[in-house]
Structure formats: C-alpha cells, structure tokens
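Input: a single structure, listed below in structure tokens.
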Amino acid sequence: MRMQESMLVVAYQSVIIPQAFITIAVDTAYVASQQGQNIGTGVYMMDNELSNGSSGEGQLELSTVVPVGSLIGFNSRSIPPAAIR
C-alpha cells in the first residue's frame, strides 16, 4: 500500500521549559560517611532566581522565590570526592 499525503499524521510533542531551575548538589562521600545520621553540611542548593529574591544559595536550606505560575525544574548532582579539596 502506498501512503498518500492525506494519510500522513504528524505527531509533535510540545516542550515544556521551566523558567526556574533548582539544583541540589550532594557530597555523596561525606553524606555516606555519616551513616544515616542527620547531616548539617554536604548538601548545597542553588537556583537561578536570585533577581526575584531567592536566598540561601549554596547552603542546606534554599528559599526560592518565583512569579506565580512559573514552572520549576529540579535536578540533582553528586559532587565527586576529587572535587572537594
């Protein structure tokens, strides 16, 4: 069967791109060395919303401020032991 133009279906996927990004970086070697106890360091959070009033970047607690209706994307990264010196 030969496909005709009228039979073609074009599928497209809309791409949703967040306006705000939050990254959580974890010193996995340090966190693992704590053997399940509470940690007070070794986790660093940052976002791209400083101009909107976010605070606490690079610390264990981040306060992110975004405009109402903003999409927020999250990602996490491990910090390799060789990077901590």
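Every listed requirement among (1) touching an Asp or Glu at 6+ places or on another chain (Cβ under 7 Å); (2) at pLDDT 95 or above is met by Gly42 save one, (2).
It is to be established whether one or more residues within the range 33-48 are charged (D, E, K, R), in contact with a Ser or Thr (Cβ under 7 Å, 6 or more places away or on another chain) and either surrounded by 14 or more Cβ atoms within 10 Å (Cβ to Cβ) or on the phi > 0 side of the Ramachandran plot (or both). Checked the range 33-48: at least one residue is charged (D, E, K, R), in contact with a Ser or Thr (Cβ under 7 Å, 6 or more places away or on another chain) and either surrounded by 14 or more Cβ atoms within 10 Å (Cβ to Cβ) or on the phi > 0 side of the Ramachandran plot (or both).
Scanning the range 44-85 for residues that are of a type in the set (Val, Ile, Thr) and either assigned to a loop (DSSP other than H, G, I, E, B) or over 28 Å from Ile16 (Cα atoms) (or both) gives Thr64, Val65, Val66, Val68, Ile79, Ile84.
Among residues of the range 48-71 being of a type in the set (D, E, K, R) and within 24 Å of Tyr30 (Cα to Cα), the one that is modelled with the highest pLDDT is Glu57.
The values are calculated or read from the model by the stated rules, or taken from the named source; none is laboratory data. This is a predicted model, so every value here is computed, not measured. Glycine gets a Cβ as well: all are built from the backbone with ideal geometry, and neighbour counts include every protein chain shown.
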